[in-house]
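This report refers to the structure that appears directly beneath it.
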Amino acid sequence: MGLSSRKNQQENLEDCLKEEDPFGLDEDLEIVIFRCLDCNTTDEVPEYIIGEFSVDLNKGEEVKLHCPKCNSTMIDARENPID
Ligand SMILES: [Zn+2]
């Protein structure tokens with residue numbers, strides 16, 4: 001009984017230590033697929049980049065990127081699936 005609660009404390013401590021990861025090396029990089037409205041080129045964009053772009057947006061506005069191929073607009077493919 002007492003032994004198992006001590007074990008839980010040990011696990012909590014290990015969880016705390018895991019979170020101390022200033023470089024985020026253990027985190028999986030979230031990738032967002034963007035798709036060009038004109039040529040359907042797709043681009044993989046790290047989510048933190050999207051986050052930086054979305055700072056300048058108004059609420060409800062979507063992040064839009066420029067297509068590297070045709071310089072048209074690329075949008076988040078998750079929210080705008082092809083029908
Ligand atoms: Zn394009």
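The values are calculated or read from the model by the stated rules, or taken from the named source; none is laboratory data. Not measured: the values here are computed from a predicted model. Backbone-built Cβ (ideal geometry, glycine too); neighbour counts: all protein chains shown.
What to note about this one:
- Residues being assigned to a loop (DSSP other than H, G, I, E, B), at pLDDT 90 or above and among the polar types (S, T, N, Q) - total across region 68-83: 2
- Selection count where residues are more than 9 Å from the ligand (Cβ to nearest atom) and not in a loop (DSSP other than H, G, I, E, B), scope region 36-67: 15
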